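Presented below is the structure to which this report refers.
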Amino acid sequence: MNKNLVIFIILVILWGLLFVRNTKAEAPLLDISVPLEVQNNPIKEFAYNQVKFRWDESQWSSFNSIIERESSWNPKNQNPTSTAYGLGQFLNSTWQGTGYTKTDDPQKQIMATIEYISQRYGTPKDAWKFWQSARYY
């Protein structure tokens, strides 16, 4: 076999290997901009995006802590001794102040909770500080 032909074939093979290597589909990277507990959970993902839009992502941990303690992220959670219901555990009277009506819809519950926190505390961090001392918000 001709020496130049052998070199040409080797170069073609190397070029092919480089080309295939550079066009291979990469494994998706973990999206570190979204907290792990939010990923693959549509309710939490919606809440995270709304909190981030209303305030910023630094408020998420406090918002998440409140909802975790109030309802464990169960939009149908009902307090057996009061009218407290939903993700934010709103009393019937609390719903009225948010502009939302009592609902099973978790997205509306999140929006009502964001409105309530905004009106009463300003931010989830301030609401969480209150919750830690009073065990309600």
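The values are calculated or read from the model by the stated rules, or taken from the named source; none is laboratory data. Remember, predicted model here, so these are calculated numbers, not experimental data. Neighbour counts are summed over all protein chains in view; Cβ atoms, including those assigned to glycine, are modelled from backbone coordinates with ideal geometry. Note: areas computed on protein heavy atoms with side chains; ligands, DNA, RNA excluded. Shrake-Rupley method; radii C 1.70, N 1.55, O 1.52, S 1.80 Å.
Here are a few things to note about the model shown:
- Surface accessible to a 1.4 Å probe, residue 7 within the full protein complex, Å²: 80
- The slack between residue 53 and residue 69, meaning 0.36 nm per residue of separation minus the straight C-alpha distance, is 3.5 nm.
- For the range 70-133, the average shadow cast by the Cα convex hull is 4.2 nm², which is a quarter of the hull's surface.
- Site pair residue 136 and residue 41 shows an inter-label distance of 2.5 nm when each label is modelled 7 Å from Cα along Cα→Cβ.
- Computed over the chain with a Gaussian network model linking Cα atoms closer than 10 Å, the most mobile of 49, 74, 41 is 41.
- Residues with amide H under 5 Å from that of residue 90, placed H, sequence gap 5 or more: 85
- Note: relative contact order over the range 34-137, using C-alpha pairs below 8 Å and six or more positions apart, is 22 percent.
- On Cα atoms only, tilt of 60-71 relative to the major axis of the chain in degrees: 50
- Surface exposure of the range 32-77, expressed per residue as accessible area with a 1.4 Å probe, stands at 57 Å².
- Selected from 118, 33, 72 as most flexible by GNM, with the chain as the system and alpha-carbon contacts under 10 Å: 33
- Here the chain is treated as a Stokes sphere of Kirkwood radius computed over C-alpha pairs; at 10 °C and 1.306 mPa s its diffusion coefficient rounds to 89 µm²/s.
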